Amino acid sequence: MAKNETDKEQLKTLEEFGASLVKQIESGQQPSIELSVRSLSNVVFDEKTRKLGIGEKTSERAFFNVAHAKKFLQTIEVAAISKSLIEIDKTSSLRDVFYMAKRTIPGTKTNVVDDQNESDKAMEDLEIITGFTREQLHVNANKMGSVAGNVIIEDQGDTIDWSKLGSGGWSIPSNVEKIKFKKMNAKYVIYMEKAAVWERLHEDRFWSKQNCIIMSSQGQSTRGVRRLLQRLATEHKLPIYVLTDNDPWGIYIYSVLKHGSISLAHMSEEMAIPNVRFLGVTCDDVTKYKLERHYIKLTDQDTARLKQMAEYDWFKDHKEWQKQFKMMKTAGAKVEIQSLSARGITFISDVYLPEKIKHNEFID
Amino acid sequence: MAKKTDGKQATLTDPVSNSPKAVEMAKKQREIGVAEFFARNKHLLGFDNPRKALMTTVKEAVDNSLDACEEAGILPEVSVEIIEMAENRFRVIIEDNGPGIVKAQIGKIFAKLLYGSKFHSRKQQRGQQGIGISAAVMYAQLTTGRPAKITTKISPKHPANYVELTINTTTNSPDITREEEKEWNKEHGTRIELDIEASYQKGQQSVDEYLKETAVVNPHVTLIYVNPKAEQYVFARASEVLPKKAEEILPHPHGVELGTLLKMLDSSENRTITAFLQEHFSRVSPQVAKDLCEEARISPNVKPVDISRDAAEHLIKAFNTVSIMNPPTDCLSPIGAELLERGLKKEVQAEFYTSITRPPFVYKGNPFQIEVALAWGGQQTKDDAVKLMRFANRVPLLYQQGACGITKAITTTNWKSYGIQQTGSSMPNGPLTVVVHMASVWVPFTSESKEAIAHYDDIIKEMKLALQEAGRLLQKYVGKKQRAHAQLERASIFERYIPEVAYALSRLTGKKADDITAGLNAMVKKDSIQQRIEAMQAVNTEYDEEWAAIGKGDDEDHVDPDETAENEIELKEKKSKK
């Protein structure tokens, strides 16, 4: 059975969740699950902590409702899967969970889950219902992300030096709860949207020159990356700088790291890092480094996203951000980080980043 | 006329006699006998073809018998016998238990066209023109040369009178060829025997169908029918009560035409116009008569004969502006929604029946009333056009469906909104039978054969209102049923998920999956939905398969099973030879 104490908590919660439904059925009540609404309308921004949280709104997921029946089944199915994983003390990926749940209901052409998106969503619901994270429920996302820097850690009994891992760096696992920091010799962290930029800085030994940590995961940051950044920020008080493209999507990557994401608002406590700083590329950088000639026209989608973001509670009253949005809208264009390479291949590591850090040119 | 003919003037003088042409032409101009006219235009009376002629002959005689019985307050018992004498020659015998006919009237009733008691009375009855039975007699003598043989008896105290007669088509008067008193073992009644050229075929539009449908809408009648194949059908009466007796009424001011009014005024002996109005129209009280005069700006004391054409026109206008009570409705004797529905149940095995009796209404001063019944679903075919049964004053209408106002009312009703398929303004399609009955003191037929109701706007409007009312009830039923079926479908979805839910929950809690399944299944209530659907459907205990088969299909379609078996053997032999 479950090996450690915390896992016992999860088991108990899952069993209680099931038992409450069985109790409803036994008393002749139509079974239903109450869960918080996970949409922007039910996401609240806490001014004090500057984190997103989930609101009071709940919705009923009733089995005897044609629109809910399948989701109801999917939710308890992933709960049962999670329970079995904890019992045998194994961890599996979201993809595994999908295949474990996927089967055709006898006598029908209906599958319990049709694509992974459904089981992923059910898993997120289970997090809300139980109050445990996916990782605590023994389900991990794909690992994706690299890190390098003057840091030594211990993971599952192995000692790892982040400065001695060749060109690939250390691959960040999806669950970073159990790693221990043995030696910390870095002053700050730069997290970048693009793996290509990370490779550029790693090749230039930027982390060594600047005595920092460089971290990346392709696109939107994964949970493991976010947890790792949060631990570095809270346990070692390291400033976290974010480097993304100069476009609405890049800014949202920063937003998710800083305040939490809308779809995972319930996880903000564990993941949001309120002191994350946006390093670039800002609209001012575009002017300063004359990047206008690398402008890419904003698509309709970009413009819509920009408008939407400008109205988010956490950006609404932020003067600097409103200024950035306005500039981007006026220019009607976006710029990629790599456009800095036009000024020389090592311009980013030799000039751009050191100057920005030195002069504290960031948006908080 | 304006066209010139080579500059030559047409001469108006006859070249031979040298007298004006008009004089020559006048020599050829003479009165056309009514009987002569109809003898040449048999189709106007429903004798277009041999098969129809048989049905029309029976129909005219039976309609007369029923009218006579009802008038006399006798529960009708009518027997119809058709004997095949030779190829295309039939003897038709119709006998009733009616009041009989006094000797002096026999000739005129059976052998004078446009003679009768019904034409001048404003009263709901089957016959209304005084043509039908005389036309049948005339048809008999024209096709077989044989006279009609009539036996009639008015009371047990009187002997029966036996008469053989034909019609003098030139003078439209009876020629009595034989006349005698006779013993007849019957208290009272009339029997007519006609030899006609005809053909007999079962199926639609046959005598069989006519008699059966008559029985359906006249449950107080017993009909005994022996067809040319010597098969006997007894349509026994289902009700011992005569329908409410139809009262004769005065015309109602609404819809009276100017010509009619002028004729009435001209022949009036009343001293004042107000007295005239009260005496000759229904629903005209002294106050209404005064109002009418005021509205028409006519002095209330003027003599009716002194009313000018213009003043009469004002009066017609006043008829429609002054508020007058609807005509009395006791003059009408509708079949009644209940009986109509019961008749339909006997005929059609459906899952939903409904019927509507509209309140009486007036067209051209004549009160009328529309009744509609619908039977939906059940064993009826889904793809064919809707089946229509038409009735006028309790008489089935079997011919000229396309020309009938009832058909127009149906095709111009939007059936789609009641869940019935329809393309444009055509007959709708679906598992539906529609019954429409018009009861009136005067049913306007398109021809003397009384097969189709004329297209009067007021009548069609009333029919449509009745159809719409019934349609809404149908739609309600169909909608309710569809909703229940949707519920059933939903229940099946839950049923499929339940074992999966139970399995997951049992893994979570360690409880038995079977118990959880049972608990959830109890909540689905599929059985109760199923029961509800069944409860919705009408339980029809009236349906009679043999009855329903009468007057349907065709004799020619009938295939002898032995014959087919032989054919099959032959076919097999042919194949094996190859």
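The values are calculated or read from the model by the stated rules, or taken from the named source; none is laboratory data. Predicted model only: the values in this text are computed from it and were never measured. Because the Cβ atoms are built from the backbone with ideal geometry, glycine has one as well, and the counts that use them run over all protein chains shown. The area values use the complete protein model at the heavy-atom level, side chains included, leaving out ligands, DNA and RNA. Shrake-Rupley method; radii C 1.70, N 1.55, O 1.52, S 1.80 Å.
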Pick from segment B:385-434, criterion in a strand (DSSP E or B) and small (Gly, Ala, Ser), ranking: nearest to the chain's Cα centre (by Cα): B:ALA392
Hey, A:GLY131 within 18 Å of the chain's Cα centre (by Cα) and more than 14 Å from chain B (Cβ to nearest Cβ) or not: yes
Residue in segment A:22-64 that is nearest to the other protein chains (Cβ to nearest Cβ), counting only those that are under 23 Å from A:GLN308 (Cβ atoms) and assigned to a helix (DSSP H, G or I): A:ASN42
All positions within segment A:14-72 that are within 13 Å of A:ALA265 (Cα to Cα), in contact with a helix residue (DSSP H, G or I) (Cβ under 7 Å, 6 or more places away or on another chain) and not charged (D, E, K, R): A:SER36, A:VAL43, A:PHE45, A:LEU52, A:GLY53, A:ILE54, A:GLY55
Test: residue in segment B:444-451 that is more than 14 Å from every other protein chain (Cβ to nearest Cβ) and assigned to a helix (DSSP H, G or I): no
Enumeration of residues in segment A:33-59 that are touching a Pro at 6+ places or on another chain (Cβ under 8 Å) and open to solvent by 70 Å² or more (accessible area, probe 1.4 Å): A:ARG50
Subset tally (residues that are charged (D, E, K, R), part of a helix (DSSP H, G or I) and more than 7 Å from every other protein chain (Cβ to nearest Cβ)) for segment B:492-517: 3
Filter result for the condition that a residue is touching a helix residue (DSSP H, G or I) at 6+ places or on another chain (Cβ under 9 Å) and either of a type in the set (A, V, I, L, M, F, W, C) or at pLDDT 90 or above (or both), over B:LEU265, B:LEU332: B:LEU265
Filtered residues of segment A:152-205 (kept if assigned to a strand (DSSP E or B) and either of a type in the set (D, E, K, R) or at pLDDT below 90 (or both)): A:GLU154, A:ASP155, A:ASP158, A:ASP161, A:LYS180, A:LYS182, A:LYS183
Condition check for B:ALA484: within 14 Å of chain A (Cβ to nearest Cβ) and assigned to a helix (DSSP H, G or I): no
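Yes/no matrix, rows are residues, columns are (1) assigned by TED's automatic domain parsing to the domain that holds A:PHE132; (2) without any contact (Cβ under 8 Å) to a residue 60 or more places away in the chain; (3) hydrophobic (A, V, I, L, M, F, W, C); (4) assigned to a loop (DSSP other than H, G, I, E, B):
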{"site": "A:GLU270", "(1), (2), (3), (4)": "no, no, no, no"}
{"site": "A:PRO274", "(1), (2), (3), (4)": "no, no, no, yes"}
{"site": "A:LEU279", "(1), (2), (3), (4)": "no, no, yes, no"}
{"site": "A:ARG305", "(1), (2), (3), (4)": "no, yes, no, no"}
{"site": "A:PHE315", "(1), (2), (3), (4)": "no, no, yes, no"}
{"site": "A:GLN324", "(1), (2), (3), (4)": "no, no, no, no"}
{"site": "A:THR330", "(1), (2), (3), (4)": "no, yes, no, no"}
{"site": "A:SER349", "(1), (2), (3), (4)": "no, no, no, no"}
{"site": "A:LEU353", "(1), (2), (3), (4)": "no, no, yes, no"}
Candidates B:ILE453, B:ILE493, B:ILE460 - the one that is open to solvent by 20 Å² or more (accessible area, probe 1.4 Å) and β-branched (Val, Ile, Thr): B:ILE493
Residues that are open to solvent by 20 Å² or more (accessible area, probe 1.4 Å) and part of a helix (DSSP H, G or I), drawn from segment B:524-545: B:LYS526, B:ASP527, B:SER528, B:GLN530, B:GLN531, B:ARG532, B:GLU534, B:ALA535, B:MET536, B:GLU545
From the options B:ILE224, B:ILE316, B:ILE273, B:ILE298, residue that is surrounded by 15 or more Cβ atoms within 10 Å (Cβ to Cβ) and either in the same structural domain as B:GLY365 (by TED's automatic domain parsing) or out of contact with any helix residue (DSSP H, G or I) (no Cβ under 9 Å at 6 or more places or on another chain) (or both): B:ILE224
Selected residue [of a type in the set (Gly, Ala, Ser) and open to solvent by less than 10 Å² (accessible area, probe 1.4 Å)] from A:SER217, A:SER208: A:SER217
Subset of segment B:287-325 that is assigned to a helix (DSSP H, G or I) and under 16 Å from B:LEU250 (Cα atoms) - its residue that is modelled with the lowest pLDDT: B:PHE319
Residue satisfying all of: in segment B:348-367; β-branched (Val, Ile, Thr) and modelled with pLDDT of 90 or more; nearest to B:GLN482 (Cα to Cα) among these: B:THR354
Breaking point among (1) surrounded by 21 or more Cβ atoms within 10 Å (Cβ to Cβ); (2) closer than 25 Å to A:SER261 by Cα; (3) within 14 Å of chain B (Cβ to nearest Cβ), for A:LYS71: (1)
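Here's the yes/no breakdown for (1) closer than 22 Å to B:ARG126 by Cβ; (2) at pLDDT 80 or above; (3) not aliphatic (A, V, I, L, M):
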{"position": "B:LYS8", "(1), (2), (3)": "no, no, yes"}
{"position": "B:PRO15", "(1), (2), (3)": "no, no, yes"}
{"position": "B:LYS21", "(1), (2), (3)": "no, yes, yes"}
{"position": "B:GLY33", "(1), (2), (3)": "no, no, yes"}
{"position": "B:ALA68", "(1), (2), (3)": "yes, yes, no"}
{"position": "B:GLU84", "(1), (2), (3)": "no, yes, yes"}
{"position": "B:ARG89", "(1), (2), (3)": "no, yes, yes"}
Some residue of segment A:78-98 being open to solvent by less than 20 Å² (accessible area, probe 1.4 Å), among the aromatic types (Phe, Trp, Tyr) and away from chain B (no Cβ under 12 Å): yes
Check on A:LEU21, outside the structural domain of A:LYS178 (by TED's automatic domain parsing), surrounded by 13 or more Cβ atoms within 10 Å (Cβ to Cβ) and within 21 Å of A:ARG134 (Cα to Cα): no
Matching residues in segment B:151-172 - criterion: being of a type outside the set (Ser, Thr, Tyr), in contact with a Ser or Thr (Cβ under 7 Å, 6 or more places away or on another chain) and over 21 Å from B:ILE32 (Cα atoms): B:ALA160, B:ASN161, B:GLU164, B:LEU165
Count of residues meeting criterion [free of Cβ contacts under 8 Å to residues at least 40 places away in the same chain and part of a loop (DSSP other than H, G, I, E, B)] in segment A:113-151: 3
Yes/no for A:GLU118 being buried (at least 18 other Cβ atoms within 10 Å of the Cβ), over 25 Å from A:VAL242 (Cα atoms) and touching a His at 6+ places or on another chain (Cβ under 8 Å): no
Qualifying position, being under 30 Å from B:ARG532 (Cα atoms) and out of contact with any strand residue (DSSP E or B) (no Cβ under 9 Å at 6 or more places or on another chain), among B:ALA466, B:ALA470, B:ALA484: B:ALA484
Residue list for segment A:197-234, filter: of a type in the set (Ser, Thr, Tyr) and over 21 Å from A:TRP249 (Cβ atoms): A:SER208, A:THR234
Some residue of segment A:142-149 being over 19 Å from the mean Cα position of the chain (by Cα) and either surrounded by fewer than 21 Cβ atoms within 10 Å (Cβ to Cβ) or farther than 22 Å from A:HIS259 by Cα (or both): yes
Residue among B:THR166, B:THR171, B:THR152 that alone is assigned to a strand (DSSP E or B), open to solvent by 10 Å² or more (accessible area, probe 1.4 Å) and farther than 15 Å from B:ARG89 by Cα: B:THR166
